[in-house]
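The values are calculated or read from the model by the stated rules, or taken from the named source; none is laboratory data. Quantities reported herein were computed from a predicted structural model and do not represent experimental measurements. Virtual Cβ from ideal backbone geometry, glycine too; neighbours counted across all protein chains shown. Side chains included, ligands, DNA and RNA excluded: accessible areas come from the protein's heavy atoms. Shrake-Rupley method; radii C 1.70, N 1.55, O 1.52, S 1.80 Å.
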Amino acid sequence: MENFGIDDFLEMMAAEKGAAQNTLAAYRRDVEQFAAFAKVSDVSAFRQSHISAFVQKLSKDKLAPKTIARKISALREYFKFLYSEREIKDNPAANILLPKQKKPLPKFLTEEEIRRLIAAAKAHDDCRHRRTAVMLELMYACGLRVSELVNLKLSQINFRTGYIKIEGKGNKERIVPLGAKAKDEIRCYLKKDRDKMKKARGFEDILFLNKMGKSLSRVMIFNIIKETALRAGLNKVVSPHTFRHSFASHLVNGGADIRTVQDMLGHESILTTEIYT
């Protein structure tokens, strides 16, 4: 297989694109599988018809669309590399399309399940559980991503106008309304707990702090939610994103305009938001 430039291709993927070892191993398997199928003696002999026939065989073998898409992506990268290195005059993978994949419907909680989760957090009247209750309330009330929650700053909350300025993906900002209940929960948390905590340097403005006075980690948020879901008796997997899905689903079910929901979630494309319809 050396004459097919696979080793050089993988070296480039590791050095320039930082591909993980698992990714590199998968790319090697995919490209070698394709080369064995095509049965050509040199890279210049590869044609689009070889790739099309390969994809048809994968479909006939009933491979999952996700697996086929990964193999096509590997071939795209491989032939792009060969073309850039002038090993081939034309890129045979340039016009190969990825198979359409069904998007799984988002898993969300009912309003009653949200209430049970928050009640389970409030069942213990201490700093840790009061913080959990506020976090759950905020994730649901504002549709926050877990990264947005752990990085949320006090300075981003405007209690007077009732809005939060969220710094989302790609440093894009969006403004989300803060309900009266969530606003009261935050004020209570500040007065009872956060104002009395010692803050580590550089974390003075972070809203949710751990016992060291620093921001919580994503893993901690996942574990806190998992623990709370167990105490609430919910027989389903609940993650931070479940609250975001619930926020969007309940808004749409309540008659909210899809464009408004898109803005509140910070979605780049409305096609991403339309899954909630």
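A few notes on this one:
- Alpha-carbon Rg with Dmax, taken over the stretch 141-193, Å: 11.1, 34
- Pairwise Cα distances in the stretch 56-143 exceed 21 Å in 60 percent of cases.
- Ordering of 215-223, 253-261 by packing [mean C-beta count within 10 Å, highest first]: 215-223, 253-261
- Inverse mean reciprocal Cα-Cα distance (Kirkwood Rh) of the chain, Å: 22.3
- Of all accessible heavy-atom area on the stretch 1-111, the percent that carbon and sulfur account for (1.4 Å): 50
- Full extension of the chain between residue 227 and residue 49 yields a length gain of 58.8 nm, computed as 0.36 nm times the residue separation minus the alpha carbon distance.
- Angle in degrees between helix 180-192 and the longest Cα principal axis of the chain, rounded to the nearest 10: 70
- When the P(r) is computed for the stretch 185-277, the part past 22 Å accounts for 51% of the Cα-Cα pairs.
- For the stretch 1-160, the equivalent ellipsoid derived from the alpha-carbon gyration tensor has semi-axes of 50, 19, 14 Å in decreasing order.
- Projecting label points 7 angstrom from Cα along Cα→Cβ for residue 153 and residue 220 puts them 1.9 nm apart.
- The residues of the chain expose on average 58 square angstrom of accessible surface per residue, using a 1.4 Å probe on protein heavy atoms.
- Using a simple spin-label model with pseudo-atoms 7 Å out from Cα toward Cβ, residue 39 and residue 17 lie 2.9 nm apart.
- For the stretch 95-154, taking Cα atoms only, Rg and Dmax work out to 17.1, 61 Å respectively.
- Between the helical axis of 65-84 and the longest alpha-carbon principal axis of the chain there is an angle of about 60 degrees.
- Our Cα-only numbers for the stretch 131-255 put the radius of gyration and Dmax at 14.4, 45 Å.
- Helix 111-122 vs. the chain, principal-axis angle (Cα, 0 to 90°, nearest 10): 60
- Residues whose amide H comes within less than 5 Å of that of residue 153, counting only those at least five positions distant or on another chain, are 207 (H built at 1.01 Å from N in the peptide plane).
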